[in-house]
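See structure below.
Bear in mind that the values in this text are calculations on the coordinates, not laboratory data. These numbers were taken from a predicted model, which means no experiment stands behind them. When we count neighbours, we look across all protein chains shown, and the Cβ atoms used for this are built from the backbone with ideal geometry, even at glycine.
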Amino acid sequence: MDSKSPTTTENELEQHDPMIKTAETSSVKCSDRFSPVVVFAHGSGGPSTSEWMIRWRNLLATALNAVEVVTFDYPYIHGARKAAPKPETLVGFHSDIVRKVAAKYPEHPLILAGKSMGSRVSCMVAAEKDIVASAVVCLGYPLKGRTGVIHKAPLLQLTVPIMFVQGSNDFHCPLQLLEVVMSKLKALNALHVIQHGDHSFQISEKNLKCGMTREKTEECAAAAVAEFVSQITSETVINRPRDTTRLFLRASPKFILPRHVSRKETLTAGGEQNSQRIESHQPKVKKISSAKQKPTQNARKRKSERILKNKLKKCVYVKDGRGSTVDNPLNLD
């Protein structure tokens, strides 16, 4: 499928919906039918034109070799009141945009990505029956609300593979809490942690390692996303270096596959290796034979009584050819 210029693509999408804004670098010249199309949703605090969104839009376009990265603004951004509403109220608007993009690129893998609140809405959209997404990428998922409410319901209902990119210092998503939720997910899932990063992946100067910059840490995160998409779609969307390790995809014990991925495709993409890793991480139950179990006090008492009874059944006293036993005692005058 030939790539279209960014200008042509933007004009065509704006004819469908003026709220859609595409990335200037979203169309990649070397894209092919394996290149994914990404619908990228912003967070509650900033529109699609914010510096953070533009930077990550370009990172995803380059790392994924995307045929297009589509960004848009939720309606409240341009309203009189710019406070974000409940995410549930944004699902319909978000779903309409995803349907239009999917109809334009029917043969390309569809990736739903989002920043913070946008990732939460993306999970809800991916659960819609008529939307067939290949994966969901959450950049700073807001698992813990400001009031302490845990927003895990959109995650637990997903059957679409999901990847989290989280800062280790993100107060909206403590990693220990995220690990617990990920262990309960039905879908394949993966996690990339940005060490010392906050909710927007900011890292203080004192926590940056020698030679490491924020740009490099975000490029590494984008490369991890591309590796995840490669494993999910069974195709290489990036030129992976030889020393790059494959992501460990975790799943529930039943290894429930997403509705759009067949078991054959998964095994071809290394599913056998992944399933072996999953099984190897299952807790092993140590079997203790009854012979090695320590006897309880009652068991020792019963054993002592049994030994004594066996001894008493034998002849314990003999006189004139007669014997004394428990059942036939010998009475001596």
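Ranked by the mean number of other Cβ atoms within 10 Å of their residues, highest first, the peptides 186-195, 148-157, 91-100 come out as 186-195, 91-100, 148-157. Farthest towards the positive end of the charge dipole of segment 52-164, among the residues Met124, Ala80, Leu59, is the Cα of Ala80, using unit charges on the Cβ of Lys, Arg, Asp and Glu.
The residue among Tyr141, Ser204, Met182 whose Cα reaches farthest toward the positive pole of the charge dipole of segment 122-231, with charges on the beta-carbon of Lys, Arg, Asp and Glu, is Met182.
Each principal axis of the Cα cloud of segment 86-134 was taken in turn, and the coordinate range along them, longest first, works out to 32, 17, 15 Å. A Förster radius of 30 Å, combined with the Cβ-Cβ distance separating Ala80 from Lys209, puts the computed FRET efficiency at roughly 0.10. Within segment 51-181, the ratio Rg/Rh, alpha carbon atoms throughout and Rh by Kirkwood, equals 0.95.
Dipole check for segment 147-229: with +1 at the C-beta of Lys and Arg, -1 at the C-beta of Asp and Glu, and the Cα centre as origin, the magnitude is about 240 Debye.
Model label points for Asn298 and Asn310, set 7 angstrom from Cα along the Cα-to-Cβ axis, are 2.2 nm apart.
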